[in-house]
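Here is the structure we will look at.
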Amino acid sequence: MINRAVEKKLGQLSKKYPVITITGPRQSGKTTLSKKCFSKYFYCTLEDIDQREYAINDPKGYLAQSKYMIIDEIQKVPSLVSYIQGVVDENDIAGQYILTGSHQFELTNIVSQSLAGRTAIVKLLPFSIAELNNKTPIEELIYRGFYPRIIAKKLNPTEALSFYTNTYLERDLREIKEIKNLGQFESFLKLCASNVGQVLNKNRFANDIGVDNKTIDSWLSVLQASFIIYLLPPHFKNFRKRITKRPKLYFYDIGLASYLLGIKNKEHVKSHPLKGSLFENMVIIEKLKEKLNNIETPSLYYFRDNTGNEVDLLEDQGDSILTYEIKLSKTLTTDVFKGLNFYKKINPDNTESFLIYTGKDNTVRYGHKCVPFSC
């Protein structure tokens with residue numbers, strides 16, 4: 001079993017809070033992690049119809065099954081959370097309940113209303129490169145992605161992600177929001193993949209799909225809620241320049257984006273016109289995983305002005321800014337430093353800057369640290 005980076009933090013939190021809420025995409029390993037770290041807890045899942053009815057009809061009896069419980073997919077019976085609040089307030093026991101769920105907005109709303117101050121929230125994404133700790137070619141990482149089941153069972157990514165997408169469309173979407181035209185929504189999902197790493201343009205999406213902007217907003221919200229897409233916000237200050245204020249679109253799992261683009265093997269990645277954007281997507285999500293696994297607020301952004309000056313990733317540390325340029329390139333040319341050079345001139349808070357690339361040399365050029373991508 002592959003150890004998860006968040007395990008130590010999870011153990012620490014369970015000694016401080018009566019409830020731990022673990023959220024993340026379906027098949028990101030939430031159940032496996034919970035059972036491993038809390039192996040002596042009574043496990044139950046509200047995916048099971050009988051258990052769900054038990055929890056709805058007799059919530060007190062359901063919670064009386066054990067003093068320490070792991071309850072999977074808690075958002076299926078939101079009323080149960082109020083009874084959990086009553087139990088933890090009466091008992092005042094650290095780590096009494098481990099709750100999991102796959103719909104981040106819905107779950108966050110449920111627990112924040114009833115368990116504010118009583119629960120720690122952990123977001124678990126699919127495996128990180130650091131967790132896998134092996135040397136895998138970049139093209140294979142982009143094609144395969146990081147869902148634990150695909151890696152652990154050595155499944156064919158195209159086949160497995162096809163099943164994943166169908167399950168998502170047929171089941172999860174109907175739970176989060178009623179989608180009247182699944183065909184249109186699937187086209188929208190593929191359109192999102194074709195715009196990976198691009199500034200979000202909802203008007204163009206609406207025109208291409210043939211729906212209104214309100215529908216696009218609704219669909220984007222659904223994709224965010226179910227951990228399919230990640231919107232990287234812009235970082236802007238008063239630089240006396242017009243700064244882009246729309247987010248950039250990425251996928252939480254690069255393998256899913258590749259599948260939706262029709263990539264069927266790692267060789268296909270090498271010739272794909274979006275391979276650079278896919279690499280950028282992967283690196284940015286790896287940084288996001290690093291932050292979430294350390295239970296840190298991911299203050300991650302990008303920068304772009306109306307004249308085309310851009311930095312792929314900014315990390316706001318409060319009193320300083322770290323900047324990152326991400327290039328699927330083995331060579332260092334002057335052009336790749338253009339965005340980093342520009343931003344360093346306009347923002348004195350930019351203390352360190354990095355170029356993440358696929359070359360071998362760990363070096364410094366023009367004051368920027370050039371770091372080989374490690375997999």
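The values are calculated or read from the model by the stated rules, or taken from the named source; none is laboratory data. Worth saying up front: this structure is predicted, and the values here are computed from it rather than measured. Neighbour counts are summed over all protein chains in view; Cβ atoms, including those assigned to glycine, are modelled from backbone coordinates with ideal geometry.
Some observations on this one:
- 1 or more residues farther than 25 Å from Lys16 by Cβ: qualifying helices (runs of 4 or more DSSP H) within segment 29-94: 49-57, 59-63
- Qualifying residue in segment 229-236 (condition: among the aromatic types (Phe, Trp, Tyr) and in contact with a helix residue (DSSP H, G or I) (Cβ under 6 Å, 6 or more places away or on another chain)): no
- In segment 46-69, the residues that are over 20 Å from Leu107 (Cβ atoms) form Cβ pairs under 8 Å with partners that are among the small types (Gly, Ala, Ser) and surrounded by 14 or more Cβ atoms within 10 Å (Cβ to Cβ), at six or more places apart or across chains, as follows: Tyr68/Gly95.
- Test: Asn181 is without any contact (Cβ under 8 Å) to a residue 60 or more places away in the chain, outside the structural domain of Ser329 (by TED's automatic domain parsing) and in contact with a strand residue (DSSP E or B) (Cβ under 9 Å, 6 or more places away or on another chain): no
- Residue match in segment 15-22 (condition: modelled with pLDDT of 95 or more, within 22 Å of Phe227 (Cβ to Cβ), buried (at least 17 other Cβ atoms within 10 Å of the Cβ) and in contact with a Pro (Cβ under 6 Å, 6 or more places away or on another chain)): no
- Of all positions in segment 120-141, none carries a residue that is at pLDDT below 90, assigned to a loop (DSSP other than H, G, I, E, B), in contact with a helix residue (DSSP H, G or I) (Cβ under 6 Å, 6 or more places away or on another chain) and not basic (Lys, Arg).
- For segment 167-218, the set of residues classified as of a type in the set (Val, Ile, Thr) and either at pLDDT 90 or above or more than 22 Å from His103 (Cα to Cα) (or both) consists of Val196, Val199, Ile209, Val211, Thr215, Ile216, listed by residue number.
- When Ile295 is tested against (1) over 26 Å from the mean Cα position of the chain (by Cα); (2) under 30 Å from Ser14 (Cβ atoms), only condition (1) is not met.
- Selection from segment 15-59 of residues that are farther than 19 Å from Ser114 by Cβ and among the hydroxyl-bearing types (Ser, Thr, Tyr): Ser28, Thr31, Thr32, Ser34, Ser39, Tyr41, Tyr43, Thr45, Tyr54
- Top-ranked residue of segment 257-293 - restricted to ones that are small (Gly, Ala, Ser) and closer than 13 Å to Asp312 by Cβ, ranked as surrounded by the fewest Cβ atoms within 10 Å (Cβ to Cβ): Gly276
- Residue in segment 85-99 that is buried (at least 18 other Cβ atoms within 10 Å of the Cβ), among the small types (Gly, Ala, Ser) and either under 26 Å from Gln224 (Cα atoms) or out of contact with any Leu (no Cβ under 6 Å at 6 or more places or on another chain) (or both) present: yes
- Ser320 loosely packed, with under 15 Cβ neighbours inside 10 Å, within 23 Å of Leu274 (Cβ to Cβ) and among the small types (Gly, Ala, Ser): no
- Every condition in (1) over 20 Å from the mean Cα position of the chain (by Cα); (2) modelled with pLDDT under 95 holds for Ser221 except the one numbered (1).
- Residue check: Tyr343 meets all listed conditions (1) under 23 Å from the mean Cα position of the chain (by Cα); (2) hydroxyl-bearing (Ser, Thr, Tyr); (3) not in a loop (DSSP other than H, G, I, E, B) but one, namely (1).
- Scan segment 346-359 for residues that are assigned to a loop (DSSP other than H, G, I, E, B) and either over 23 Å from Lys237 (Cα atoms) or in contact (Cβ under 8 Å) with a residue 40 or more places away in the chain (or both) and the total you get is 3.
- Filtered residues of segment 347-364 (kept if in contact with a Phe, Trp or Tyr (Cβ under 7 Å, 6 or more places away or on another chain), within 29 Å of Asn133 (Cβ to Cβ) and not aliphatic (A, V, I, L, M)): Phe354, Tyr357, Thr358
- When Ile98, Ile49, Ile56 are checked against the criterion of being closer than 19 Å to Thr32 by Cβ, aliphatic (A, V, I, L, M) and not assigned by TED's automatic domain parsing to the domain that holds Ile229, a single residue qualifies: Ile98.
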